[in-house]
Structure formats: C-alpha cells, structure tokens
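A short reminder: the numbers here are calculations on the coordinates, not readings from a lab. Computed from a prediction, not measured in an experiment: that's the story for all the values here. Please note: Cβ atoms are built from the backbone with ideal geometry, for glycine as well, and neighbour counts cover all protein chains shown.
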Amino acid sequence: MKFSDASTPVVVLRGVESASHGALGILRSLGRLGIPVHLVACDSQTPGFFSRYCKGRLVCNVESGNAGKSVEVLLELGRKIGRKSILIPTDDNAVLFVADHAAALREQFLFPQMCPELIREVSSKKGMYYLAKEHGVPTPEAAFPTSRQDVLDFISRAKFPVMLKAIYGSQLMKISGQKMFIVRTEAELLEKYDALEDPAHPNLMIQEYIPGGDDTVWMFDGYFNDRSECLLAFTGKKIRQYPVSQGSTSLGICLESEAVRETTTEFMKKIGYKGILDIGYRYDARDGLYKVLDINPRIGSSFRLFVAENGMDVARALYLDLTGRQVIPGTAREGRKWVVEDQDLVSCLRYHQQGKLTFKQWLDSFRGVEEAGYYASDDLAPCFTRVMALFGQAFKKLNPLGA
C-alpha cells in the first residue's frame, strides 16, 4: 500500500495505561508509508522511542493533573512540527483529555469530533451497561453496589461464580494489579469487596459470569467517520490472553463474525460514535448471543491483528479520512494471527501449568502468525529495548537489595 500524499504528520499520544506495543504498531504502520510520526510518552524508555519510524520524541505525561500545562506542551510541539498534525491517543484517559480540550488542541491538531460525555459513558462499564440495555444490545447482567449492604443484598439472590470488575478499570489495576477477578464464593466476594472498594468513591461492579474459554472472546476493530458511518470493520477473537483468562490479547486471530460486525455498526450509528473503535464481546453458548463486555473509544493495542489484503488498518483509515481522502476497506486477511511475544510466553506457561496447553498445541498455535507486537525485521531496536527492560525487571526481582 502507498499513499499519494504522506506529508501530514502524526502525533501518537501514549497514555500511562496503554501497552507500549500499541503505540509502536502505529509508528510502524504509518511510518512505513513515509508519514512523519512523532511519539509523546511518559516513559523515556518506551520501545517506540527507539523505532526507526519515530520522527520525533517527547517525554510528557498529559495525565499528570495539570491539564492546562499539558495542552500548552502539545500545542508547542505542534508549532515546532510546523503544520497541523493528526493526533492519536492510545488509552481512555488520553482520549478524554483530547475530547475535553478539543477546542484548544484543534489549533494544531486534527482528530475526530468526539463528545466528552459519550466518551465518558462508553469508557465506564456502568455507562456502557446502561447504554447497551437502552439500545437492545446483549450484555452480561450486572449490579453496581454502593455499600457493603448492597453486596449482601446481591448475595441473597446471586448465582456463583461471578465477575468482580471496576467501573473504571485503571483504578482497580493500580490497587491490585488486575482488571477483574473471578469470584467463586460469597465469602470471597465480601473479602475482595472490603479490600478493594473505596466506600467514598464506589468503583466496583459485580457481573454475570459467562462460561467459556479465551476463544469465546470476540473483538471488533473499526473506524467511523463524522456521520458515524463505518468505513472499515474487522472482527476476530482471542486465542490467548494476558493475564490468563481475563486480560488483553496475547495471541489473536482475524475471523469474520457477521453478528459482531452488524451489532457493533448498528450500535455505534445509534449513539453517534466517531473515530477508531475497539470493542469486546463474549459468546454465550447458553443462548447463542454475543454479549458486549467493554467499549474502548480509541485505537486498541491489538489493532495490527486486523489488516486488510490491501494493507488497510484503522490507523491508516483514520489518516485517509482526516486528510479528506477515500478509505478503501479491502478484504480482511482471514486467519491472520498476531502475537505479543513476552506476554504470550507468560500466558503459555500458565496455561500449561493448568493443563490447558500441550507442547504440540503450543507449536500449532503459531501457524498463521504474520506479525508480532515488538519484533519486526525492518525495525529491531524496539524489540531489543523491550528484552533489555524485561531482563532489568527480572534482575530487580531476584536482587531486591542490590537494585
């Protein structure tokens, strides 16, 4: 794939909570077309900074709390670049930051017209739940306790196991290192609620548990224009997750699901969504429905799993649409696989320990892998940087006093 005009720069805004391979994927996807791509990140050692496709680097945490200063830092970067650039945030907080300060940021940047209220609603699991119910989209049943008594009331009618999740996942991740828990008993639910909830600012939800393995989790990856028309749509499913059974994709496959595609495009049209979308579903074999689990109003870290035969992906679709050109969707590369090397290695070991993955199954699972999160033959430095960082982390764990 080639673009007739690749002169409009891009600024990737890597949020604190986003995976480093997501930003790296954007750098490579657009940089390989000759597009000048700049990266803003809070970590000076993020692998993307070492990519041959990274035109400019800026260490800045736009989520640090001083929004006015962050806006000015980005505007100054835009002025230095010398022309309006496309701004691509990579996590929910960064998307909200852009939506909240859109009027000021538009002086130097191009991005989809996002409604801050809608972004907040869909990025909150509580808001997403009620939005799905309102529009007739299947979703697991859920309760949103605001006190311990609410949890006790729920227990009186509950069927275990259940899922304990955060309405805003990043907050639970900071406290526990996990986004969710499978809870199997009443006592365990009360114990975790007492340990993890802040009564002054309730953030936990209890969700129906849908039985099934990782391969029942489906994904939609797409792009919607300023009329909420879907210009590009892909579907696929997870093969493995990190952390095991409750995390992000460590190995995924691009597969067609008409039900997931149609449900998502109709849903987003109804709510007036614009921009790149990453959304997850779980197939419920009990009733044959695909039930929405979460909506990410942004580019997903696994977006490079989804590539058309003509080379189109959601980052490229965004670029074409915002520069006034036609998006030619192309046919999805059915069976294409994508892997995050370090995360999948850890997951494979866990699955093997649980008796869910044999050596032969492990080898067979890599057939069809076309791309990795960090390794690329034309861009080796980010992978090397990631490996060295992992060695450093391992050394600190083994030698806590010498670190």
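Quick one: work out Rg over Rh on the C-alpha atoms of the stretch 103-144, Rh as Kirkwood radius.
Reported Rg/Rh, Kirkwood definition of Rh: 1.18.
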| Ranked by how many other beta carbons lie within 10 Å on average, peptides 85-94, 53-62, 358-367 from highest | 85-94, 53-62, 358-367
| note | Note: K270 to S64 extended length (0.36 nm per residue) minus current alpha-carbon separation gives 70.8 nm
| task | May I ask you to list the trypsin sites (Lys or Arg not before Pro) in the stretch 111-195 that are in a DSSP loop and have at most 14 other Cβ atoms within 10 Å of their Cβ? | result | R157, K159, R184
| remark: The size of the Cβ-based charge dipole (Lys, Arg +1; Asp, Glu -1) of the chain about the Cα centre, to the nearest 20 debye, is 860
| task | Please give the length that would be gained between I328 and A158 if that part of the chain were fully extended, namely 0.36 nm times their separation in residues minus their C-alpha to C-alpha distance (nm, one decimal). | result | 56.4 nm
| message | At R0 = 51 Å, how high is the FRET efficiency between R227 and L398 if r is their beta carbon distance? Nearest 0.05 is fine. | response | 0.40
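Report the net charge of residues surrounding S123, where surrounding means a beta-carbon distance below 12 angstrom and charges are Lys +1, Arg +1, Asp -1, Glu -1.
-3
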| Label S44 and K2 with points 7 Å out from Cα along Cα→Cβ: what is the distance between them in nm? | 4.0
| task | Take the alpha carbon atoms of the stretch 120-157, find their center, do the same for the stretch 278-353, and report the distance between the two centers in whole angstrom. | result | 26
| Any idea what the alpha-carbon Rg over 2.2 N^0.38 Å comes to for the stretch 10-111? | 0.96
| For Cα Rg over 2.2 N^0.38 Å, the listed values are (i) 0.98; (ii) 1.11; (iii) 1.25; which was obtained by calculation from the structure presented? | (i)
| remark: Cα extents of the stretch 213-264 along the principal axes, largest first, in whole Å, come to 38, 19, 15
| message | Let's test the formula: R0 of 41 Å, r as the Cβ-Cβ distance of A187 and K133. What FRET efficiency results, to the nearest 0.05? | response | 0.85
| Residue by residue, what Karplus-based ³J(HN,Hα) values in Hz, rounded to whole numbers, does the stretch 367-383 have, using 6.51, -1.76 and 1.60 with θ = phi - 60° and x for Gly and Pro? | 5, x, 5, 10, 7, 10, x, 10, 6, 8, 5, 9, 7, 7, 4, x, 5
| message | Between D287 and S377, what is 0.36 nm times their sequence separation minus the Cα-Cα distance? Round to one decimal in nm. | response | 27.9 nm
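Placing unit charges on C-beta atoms (Lys and Arg positive, Asp and Glu negative, everything else neutral), compute the dipole magnitude of the stretch 214-372 about its Cα centre in debye, rounded to 20. Don't skip to the answer; put the middle values down first.
Numbers: 22 positive and 23 negative charges, 38 e Å.
Dipole of the stretch 214-372, to the nearest 20 debye: 180 debye.
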| remark: With Rh as the Kirkwood radius over Cα pairs, the stretch 118-212 has Rg/Rh of 0.95
| remark: Taking the reciprocal of mean 1/r across every pair of different Cα atoms in the stretch 214-372, the Kirkwood radius in Å is 16.1
| message | Taking the Cα centre as origin and putting +1 on Lys and Arg beta-carbons and -1 on Asp and Glu beta-carbons, what dipole magnitude results for the stretch 10-111, to the nearest 20 debye? | response | 660
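Looking at the chain only, what percent of DSSP beta bridges run antiparallel? Nearest 5 please. Each step should come with its number before you reach the end.
Details: 43 of 61 bridges.
Of those bridges, close to 70 percent are antiparallel.
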| Of K69/K126; K179/K396; K238/K360; K126/K356; K2/K55; K237/K270, which pairs sit farther than 28 Å apart, going by alpha carbon to alpha carbon? | K69/K126; K126/K356
| remark: Of the candidates Q45, N66, V10, the farthest towards the positive dipole end of the stretch 10-111 (Lys/Arg Cβ +1, Asp/Glu Cβ -1, centred on the Cα centre) is V10
